[in-house]
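Working notes for the structure below.
The values are calculated or read from the model by the stated rules, or taken from the named source; none is laboratory data. The structure displayed is predicted, hence computed values, not measured ones. Positions of Cβ are backbone-derived with ideal geometry, glycine not excepted, and every protein chain shown enters the neighbour counts. Accessible surface areas use protein heavy atoms only, side chains included; no ligands, DNA or RNA. Shrake-Rupley method; radii C 1.70, N 1.55, O 1.52, S 1.80 Å.
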Amino acid sequence: MNIVITGSLGNIGKPLTKLLIANGHKVTVISSKQERVSAIEALNAIPAIGSIQDADFLTQTFRGADIVYLMEAWEGIGSLFDKNIDFVAEFKNIAHNYVKAVQDSGVKKIVHLSSVGAHSEKGTGSLLVHHTVENILRKLPEDVSIKFMRPVGFFTNIYRWLPMIKAQGTIVQSYGGDQKEPWVSPDDIASTVAKEMEKPFNGRTVHYLASDEVSPNEIARVLGKAIGNSDLEWKVISSEELLKQMLSAGINEWIATGLVAMQKAQADGSLYDDFYLNKPELGKVKLNDFATEFAAEYNQQNN
């Protein structure tokens, strides 16, 4: 098949491209960075350099594709520390660009990377943008089939805590304890997406993705063991204190407020209501596997 993917060679895009190429498909990778061309070509994929905020570029790139893989990357929109970005408006703009490009190019099959929490319009904090984008994409004509992929929290997001762990020897969040929650590896996401692309498409379907179920205290214990710090703990502070800390650090107010609201939904379990009603088979990558990768990065930064 002729497949176009957005998201460049990120945590999901790179392994997904490798899998699709290995399966004999022709893959075009959209990237906003000219310097990515050689890396894309090295995977035997075709680079398409342009912006997902350019509907005409998307239309041209999508034309002739059997399937397009659509995603919206926070980092691709801008820095979480940029106080002037309206992330909701930017996500909506990208979604409308996708709709226009899909209609104008004639694509009939879409795999969309959404998120856990997209089932609800309230109580999910900043994950609300995924609910919004899904609803915009659902306005496409009925003959366009869409597989909405809803992964839970990425293991790789834990790397954002690395400076905190190195500086304070703790993981500080506004929820914690021994209640398990699902996490996912980008490699498992890529594997599932690649498999779904080769299965029949039928209307609009939702697919949840997860690799493991672990509690905050387990994460601290396993990561601590991996990096040689048996005292590593997951410390819980109030939502008010976490918000204050993030705003003091210069994080965009909407992002900070949304993160606190999301953690509240994690704490009471409501974020995962629909996930557990439609629980998927867990992937191959477990917390212990990720901890090995995390320790390698931790130790490399120490050298």
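Among the residues of the range 296-303, is there at least one that is out of contact with any Phe, Trp or Tyr (no Cβ under 8 Å at 6 or more places or on another chain), farther than 15 Å from residue 220 by Cα and open to solvent by less than 40 Å² (accessible area, probe 1.4 Å)?
Here is the first cut: in the range 296-303, the ones out of contact with any Phe, Trp or Tyr (no Cβ under 8 Å at 6 or more places or on another chain) are 296, 298-303.
Next, only the ones that are farther than 15 Å from residue 220 by Cα stay: 296, 299-303.
Retained after the next criterion (residues that are open to solvent by less than 40 Å² (accessible area, probe 1.4 Å)): none.
For the range 296-303, residues out of contact with any Phe, Trp or Tyr (no Cβ under 8 Å at 6 or more places or on another chain), farther than 15 Å from residue 220 by Cα and open to solvent by less than 40 Å² (accessible area, probe 1.4 Å): absent.
Contact annotation: residue pairs with Cβ atoms under 8 Å, 6 or more positions apart or on different chains, pairing a residue in the range 219-241 that is closer than 19 Å to residue 157 by Cβ with a partner that is open to solvent by 70 Å² or more (accessible area, probe 1.4 Å) and in a loop (DSSP other than H, G, I, E, B), are 224/230; 224/231. Taking each residue of the range 125-152 that is at pLDDT 95 or above and looking for partners that are of a type in the set (Lys, Arg) with beta-carbon atoms closer than 6 Å, six or more apart or interchain, yields 144/108; 145/109; 146/204. If you go through the range 221-255 and pick out every residue that is touching a Leu at 6+ places or on another chain (Cβ under 8 Å), within 30 Å of residue 89 (Cα to Cα) and outside any helix (DSSP H, G or I), you end up with 2. Against the definition (farther than 19 Å from residue 112 by Cα, open to solvent by 20 Å² or more (accessible area, probe 1.4 Å), aliphatic (A, V, I, L, M) and in contact with a helix residue (DSSP H, G or I) (Cβ under 9 Å, 6 or more places away or on another chain)), how does residue 39 come out, yes or no? In short, yes. Among the residues of the range 25-35, how many are farther than 18 Å from residue 107 by Cβ and open to solvent by 80 Å² or more (accessible area, probe 1.4 Å)? Adding up the residues that qualify gives 4.
Taking into account only those residues within the range 265-295 that are in a loop (DSSP other than H, G, I, E, B) and touching a strand residue (DSSP E or B) at 6+ places or on another chain (Cβ under 6 Å), which is least open to solvent (accessible area, probe 1.4 Å)? Before you say what the answer is, go through the steps one by one.
Step one: list which residues in the range 265-295 are in a loop (DSSP other than H, G, I, E, B), which gives 269, 278-286.
Imposing the further condition that a residue be touching a strand residue (DSSP E or B) at 6+ places or on another chain (Cβ under 6 Å) reduces the set to 278, 280, 286.
Values: 278: 82, 280: 29, 286: 66 Å².
Among those residues, the one meeting the criterion is 280.
Looking only at the range 193-212, residues that are surrounded by 22 or more Cβ atoms within 10 Å (Cβ to Cβ) and of a type outside the set (A, V, I, L, M) come to 3 in all. Of the residues 177, 169, the single one that is open to solvent by less than 40 Å² (accessible area, probe 1.4 Å) and modelled with pLDDT under 95 is 169.
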